[in-house]
Amino acid sequence: MAPLTGIAASNGIAIAKAYKLAIPDLSFEKTKVDHPDQEIERLTSALAISSSELEKIKKHARASLGDEHAEIFSAHLLVLSDPELIDPIKDKIQNEKVNAEFALDETAQMFIQMFESMDNEYMRERAADIKDVTKRVMAHLLGVTFPNPALIDEEVIVIAEDLTPSDTAQLNKQFVQGFTTNIGGRTSHSAIMARSLEIPAVVGTKNVTEQVNKGDVIIVDGIHGEVIINPTEDEIKFYQQKQEEFEQQKNEWAKLKDEPSVTKDGTHVELVANIGTPEDVSGVLNNGGEGVGLYRTEFLYMGKNELPTEDEQFEAYKSVLEQMKDKPVVVRTLDIGGDKELTYLELPKEMNPFLGYRAIRLCLERDDIFRTQLRALLRASTYGNLKIMFPMIATLDEFRQAKAILLEEKDNLVQAGTAVSDDIEIGIMVEIPSTAVIARQFAKEVDFFSIGTNDLIQYTLAADRMNERVSYLYQPYHPAILNLVHNVIEAAHAEGKWAGMCGEMAGDSIAIPILLGLGLDEFSMSATSILPARTQIKHLSKEELASYKDQLLSMNTADEVEAFIREKTNQ
Ligand code: PEP
Ligand code: MG
């Protein structure tokens, strides 16, 4: 069978049994029963199995993700033992002589609707808990398998339509050897998480979930973007050989771990990492990262039932800053929305979520959420070298408002006698074309730019970063992108500021020579890309690359740019 092709999302090769992560079909018929007692017994047994599963998941979550993440499962366990929910289900079975599935569904729906309609965040969270728990109990009543990614205890490759960031956060890296999905691109958050977990992944295969059956052995080739289903003995040997070569290559790269990132003509650039959690910092240090160029704080808000408190956030930021010692740490304020949802915030469904109510737009309106985060950051600022940046800035006005709120919170803290660092740089992400175009005006007011090409490309070419159908338009080397990036770097330098890039483009081997020639100061990428990038940069001449600048900026197509760079850099 020919391999399935997809997008190589995270380097490496994995060979293991497939584990399908999909909510099973939970449809059922309403039936009348002659023996309600037997139905109640079925219900009691489904509740007991669900409870014991949730206990185990809670234990795993606590061990691998910490207490906060485990809390969501305590809430689910409470639902299972709550007589206010369970007794009416039993009464319904007894009085109406209906099957347990119907009684469970009707009763749960009634509570869900009641709680959802309340103007009280806490009660709405309870509705979400009931929804989640009912699915699990229903699966056990119907005798179908309910996936439990946190309980995986043998080596597997996870197969899914898509993986949300919170699904990915639950995967146990000890056993999950890799994953592959139907949808997504190199910059979808599942791909980004795979790279920070350092497990091979192929995304955007369109139909891997249909092609693979439970128990099939598969190979995920995260280097070339291929998935081989039920490989022959020879194919397994071939890929085991590739796995070994990849390990050897990693050992070669590791030799540069403590070296600076310098071109062959002596220009030093910063190679820093993108992280999602404090646990990712060890990967940054092991891979020779010179700092953190993007801390995506939204993961603190995900996979739980309520907003993180100021103290919880403070502990996370402090931990990252302390672990990084005096190395720079750029923390991005909350960027929720787009493909990153928070169920408990009940944001309205939108036609175009990537163009909608997200990131700084939401933070400026819900300034209670924003201020809590800023206070936590400011309090943590004395533990290391903190820089703060705001995401999705489209207008100067948004930047000014965000900065004013930050300074106001800083004043309040200082007045109250709390220590706050005095040299926190305040910058923005440049991921919206309007901001890239008027970067000169911004450069007068911000301390730095970090170019977010994952979004900048999708907005410039009007091509959804999650949609494989239009992925041919998602072109990092498009001359329009190069011109915008160039404009941002020039604008920063004209004001004596620095310009970095934290989109995936910064770690791409074709883009790196282009960006060096354009004068980018800081390259922020997945930790595992740092050492290959440092190896590449060692062999490049900044002066030579800068001499191609005008030629590259006036090219007609991305293909021309790519062919030119391949030829000049022997790739
Ligand atoms: C970006 O848009 O390039 C970026 C780094 O942010 P995110 O991928 O989290 O949207
Ligand atoms: Mg972005």
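The values are calculated or read from the model by the stated rules, or taken from the named source; none is laboratory data. What you see is a predicted model; the values in this text were computed from it and never measured. Glycine also receives a Cβ, built like all others from the backbone with ideal geometry; neighbour counts cover every protein chain displayed. The protein model used for the area step is the full one, side chains on, heavy atoms only, and it has no ligands, DNA or RNA in it. Shrake-Rupley method; radii C 1.70, N 1.55, O 1.52, S 1.80 Å.
Filter segment 235-277 down to residues that are in a helix (DSSP H, G or I) and open to solvent by less than 70 Å² (accessible area, probe 1.4 Å), then give me how many there are. Before the answer, list the steps.
Of the residues in segment 235-277, the ones in a helix (DSSP H, G or I) are 235-254.
Checking the rest, the ones that are also open to solvent by less than 70 Å² (accessible area, probe 1.4 Å) come to 235-236, 239, 242-243, 246, 253-254.
Within segment 235-277, residues that are in a helix (DSSP H, G or I) and open to solvent by less than 70 Å² (accessible area, probe 1.4 Å) number 8.
Where residues in segment 424-438 are more than 19 Å from the chain's Cα centre (by Cα) and open to solvent by less than 40 Å² (accessible area, probe 1.4 Å), which of them is farthest from ligand 2 (Cβ to nearest atom)?
Let us first name the residues in segment 424-438 that are more than 19 Å from the chain's Cα centre (by Cα), namely 424-428, 432-438.
This time we only want the ones that are open to solvent by less than 40 Å² (accessible area, probe 1.4 Å), so: 424, 426-428, 432-433, 435-436.
On the way: Ile424: 22, Ile426: 18, Gly427: 14, Ile428: 12, Ile432: 9, Pro433: 13, Thr435: 12, Ala436: 13 Å.
Top of the filtered list is Ile424.
Could you check segment 354-394 and list, in sequence order, the residues that are surrounded by fewer than 21 Cβ atoms within 10 Å (Cβ to Cβ), without any contact (Cβ under 8 Å) to a residue 60 or more places away in the chain, away from ligand 1 (no atom under 16 Å from the Cβ) and closer than 26 Å to His189 by Cβ?
Leu364, Glu365, Arg366, Asp367, Asp368, Arg371
Testing Leu307 on (1) open to solvent by 20 Å² or more (accessible area, probe 1.4 Å); (2) away from ligand 2 (no atom under 16 Å from the Cβ); (3) among the hydrophobic types (A, V, I, L, M, F, W, C); (4) not in a loop (DSSP other than H, G, I, E, B), one condition comes back false. Which one is that?
Tallying (1) open to solvent by 20 Å² or more (accessible area, probe 1.4 Å); (2) away from ligand 2 (no atom under 16 Å from the Cβ); (3) among the hydrophobic types (A, V, I, L, M, F, W, C); (4) not in a loop (DSSP other than H, G, I, E, B), Leu307 fails exactly one: (4).
Got a sec? Which of Ser471, Ser524 is within 13 Å of ligand 2 (Cβ to nearest atom) and in contact (Cβ under 8 Å) with a residue 12 or more places away in the chain?
Details: Ser471 fails: within 13 Å of ligand 2 (Cβ to nearest atom).
Exactly one of Ser471, Ser524 is within 13 Å of ligand 2 (Cβ to nearest atom) and in contact (Cβ under 8 Å) with a residue 12 or more places away in the chain, namely Ser524.
If a residue counts only when it is within 12 Å of ligand 1 (Cβ to nearest atom) and buried (at least 23 other Cβ atoms within 10 Å of the Cβ), which helices (runs of 4 or more DSSP H) contained entirely in segment 439-498 have at least 2 such residues? It would help to see each step written out before you state the result.
Numbers: elements: 439-443, 453-460, 479-494.
In segment 439-498, 453-460, 479-494 are the helices (runs of 4 or more DSSP H) which contain 2 or more residues that are within 12 Å of ligand 1 (Cβ to nearest atom) and buried (at least 23 other Cβ atoms within 10 Å of the Cβ).
Matching residues to (1) in the same structural domain as Val292 (by TED's automatic domain parsing); (2) touching a Cys at 6+ places or on another chain (Cβ under 9 Å); (3) modelled with pLDDT under 95:
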| site | (1), (2), (3) |
| --- | --- |
| Phe523 | yes, yes, no |
| Ser526 | yes, no, yes |
| Ile537 | yes, no, no |
| Leu545 | yes, no, no |
| Asp550 | yes, no, no |
| Ser554 | yes, no, no |
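Would segment 303-319 turn up any residue that is in the same structural domain as Ala402 (by TED's automatic domain parsing) and among the aliphatic types (A, V, I, L, M)? Give the steps one after another, and end with the answer.
Step one: list which residues in segment 303-319 are in the same structural domain as Ala402 (by TED's automatic domain parsing), which gives 303-319.
Add one more test, that the residue is among the aliphatic types (A, V, I, L, M), and what stays is 307, 316.
There is at least one residue in segment 303-319 that is in the same structural domain as Ala402 (by TED's automatic domain parsing) and among the aliphatic types (A, V, I, L, M).
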